[in-house]
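Working notes, structure below.
The values are calculated or read from the model by the stated rules, or taken from the named source; none is laboratory data. Computed from a predicted structure; not experimentally measured. Here the Cβ is made from the backbone with ideal geometry for all residues, glycine too, and neighbour counts use every protein chain on show.
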């Protein structure tokens, strides 16, 4: 790619050194992975300013540098722009020849449910005989049968995101469903990417360590919908308190489909029943009504399924095909995932107040009359601390026994995180509230106290197979530990 094409697309405010006729062979924002001939884009993050690594980039063979502040020591062409994050996205889209314009790309955003919704939609497309790729928290893959390729972020940085879209296009995957995080929207990772549709699951407290306020958090989520074009579609959870506010951000020519249980919506669920084996409900659409039997349980599963059905309808897929796909889906890794049957042990990714509330309420609805609900959870370090006491209070209000432990403490003192959680708990009855800082020991403790009619919920890490400590990251998988601790009860 010729440098003059980059200059035309990013419109630099200044060009330092002679740009000449340099050919760009790749894109990099990390000197550790930079290859000779790459353009090096200097990003300013929370902890690292890539401008400080320009000498290393030049030494490693960068052909051009994009900066947001003037420098004096560059010996290669340097382009000064107002926002390097936006420039990185613009260059990435250009380099990979705008793959989103040739794909049916659908974005899913919201605090909870994104991962499950993407997988349900993938299954619907496949049931309809169409390939559909996924990009999200678990990684990316071309079909439901593929193994995930690991991702560092829910929504990858723009070069990786655009490269993945290009690979989807080249591998005959015309439909792509992607999780779009608020961080990605704020950091322009999806930039001017063309989404044909957008799905809003819900908005509850999370990431306030980054966004500071709920309004700021909402505004980032809303960008995905504001950028939709005439003829595109938006799917919105009509029961969420932000739904009306979001609708007002969408262009008139964009088709809006709503779903809900409590408020009149285009697609609704009635007569809901829950059990340990799944859920049943009546699905009402503008044109027909069908009964659905799921292998997933919990109210959140109903909402996720309704979002997927709306998306199927928006893509002209018959309701019967949507239902067949959804009824044959057992669930997603680490999302209300059953590990043992007696006692019933469930591993879930819930790491927000609303997430924990939903998971514990779902477990409570299927709890045998003489059973107890045991909850193991912790909170992440270096993240929004204000949600810790709220999660403690939620666990106290719903669970019969609580074991507070560590999540991913990161650089924080695990004991301080637990202390923050405890401030939200009114009763410190040792028969109900226990503290065990070591997560493996906490799971073993639950295995010793649980009886066959109890339900044990291990929340906070879900699919993760690691634990981030102050000075290292270790292998740790809740599912593995549950299987070891509850070995005698596995069926």
#### Entry: Options 125, 161; residue that is surrounded by 15 or more Cβ atoms within 10 Å (Cβ to Cβ), in contact (Cβ under 8 Å) with a residue 60 or more places away in the chain and under 15 Å from the mean Cα position of the chain (by Cα)
161
### Task
Quick one: in the range 392-420, of everything that is touching a strand residue (DSSP E or B) at 6+ places or on another chain (Cβ under 8 Å) and part of a helix (DSSP H, G or I), which residue is farthest from residue 441 (Cα to Cα)?
398
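Which of the residues that make up the range 357-372 are within 23 Å of residue 440 (Cβ to Cβ) and surrounded by fewer than 20 Cβ atoms within 10 Å (Cβ to Cβ)? Please lay out each step first, then the result.
Initial filter on the range 357-372 (within 23 Å of residue 440 (Cβ to Cβ)): 359-360, 363, 372.
Listed by number, the list holds a single entry, 372.
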### Query
Out of curiosity, is residue 464 assigned to a loop (DSSP other than H, G, I, E, B) and over 20 Å from residue 380 (Cα atoms)?
no
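So, in the range 128-146, how many residues would count as being free of Cβ contacts under 8 Å to residues at least 12 places away in the same chain and touching a strand residue (DSSP E or B) at 6+ places or on another chain (Cβ under 7 Å)? Give the steps one after another, and end with the answer.
Of the range 128-146, the ones free of Cβ contacts under 8 Å to residues at least 12 places away in the same chain are 129, 141, 145-146.
This time we only want the ones that are touching a strand residue (DSSP E or B) at 6+ places or on another chain (Cβ under 7 Å), so: 141.
Total satisfying the criteria: 1.
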### Query
Identify, please: which residue in the range 203-219 is in a loop (DSSP other than H, G, I, E, B) and within 16 Å of the chain's Cα centre (by Cα) and is, among those, modelled with the highest pLDDT?
203
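Of the residues 231, 191, which single one is outside the structural domain of residue 349 (by TED's automatic domain parsing), surrounded by fewer than 19 Cβ atoms within 10 Å (Cβ to Cβ) and assigned to a loop (DSSP other than H, G, I, E, B)?
On the way: 191 fails: surrounded by fewer than 19 Cβ atoms within 10 Å (Cβ to Cβ).
Within the list 231, 191, the selection yields 231.
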### Query
Taking the range 412-433 only, how many residues are at pLDDT 95 or above and more than 17 Å from residue 455 (Cα to Cα)?
14
### Summary
Going through (1) crowded, with 20+ Cβ neighbours inside 10 Å; (2) outside any loop (DSSP other than H, G, I, E, B) one by one, residue 240 fails only at (2)
## Note on the structure
Counting only strands (runs of 3 or more DSSP E) wholly inside the range 3-86, the ones holding at least 1 residues that are within 27 Å of the chain's Cα centre (by Cα) are 26-28, 38-41
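Answer yes if at least one residue in the range 118-137 is part of a helix (DSSP H, G or I), over 30 Å from residue 242 (Cβ atoms), assigned by TED's automatic domain parsing to the domain that holds residue 303 and at pLDDT 95 or above, and no otherwise.
Initially, the range 118-137 is screened for residues part of a helix (DSSP H, G or I), giving 118-127.
Within this subset, residues satisfying the condition of being over 30 Å from residue 242 (Cβ atoms) are 126-127.
Checking the rest, the ones that are also assigned by TED's automatic domain parsing to the domain that holds residue 303 come to 126-127.
Remaining after also requiring at pLDDT 95 or above: 126-127.
Yes: the range 118-137 contains one or more residues that are part of a helix (DSSP H, G or I), over 30 Å from residue 242 (Cβ atoms), assigned by TED's automatic domain parsing to the domain that holds residue 303 and at pLDDT 95 or above.
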### Query
Within the bounds of the range 164-171, is there any residue that is closer than 22 Å to residue 43 by Cα and modelled with pLDDT of 95 or more?
yes
### Query
Just checking, which of 451, 483, 470, 426 is in contact (Cβ under 8 Å) with a residue 24 or more places away in the chain, in contact with a strand residue (DSSP E or B) (Cβ under 9 Å, 6 or more places away or on another chain) and either assigned to a loop (DSSP other than H, G, I, E, B) or surrounded by 14 or more Cβ atoms within 10 Å (Cβ to Cβ) (or both)?
483
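Look through 354, 348 and report the one residue that is crowded, with 19+ Cβ neighbours inside 10 Å and in contact with a strand residue (DSSP E or B) (Cβ under 8 Å, 6 or more places away or on another chain). First the steps, then the outcome.
Details: 354 fails: in contact with a strand residue (DSSP E or B) (Cβ under 8 Å, 6 or more places away or on another chain).
Residue meeting the stated conditions: 348.
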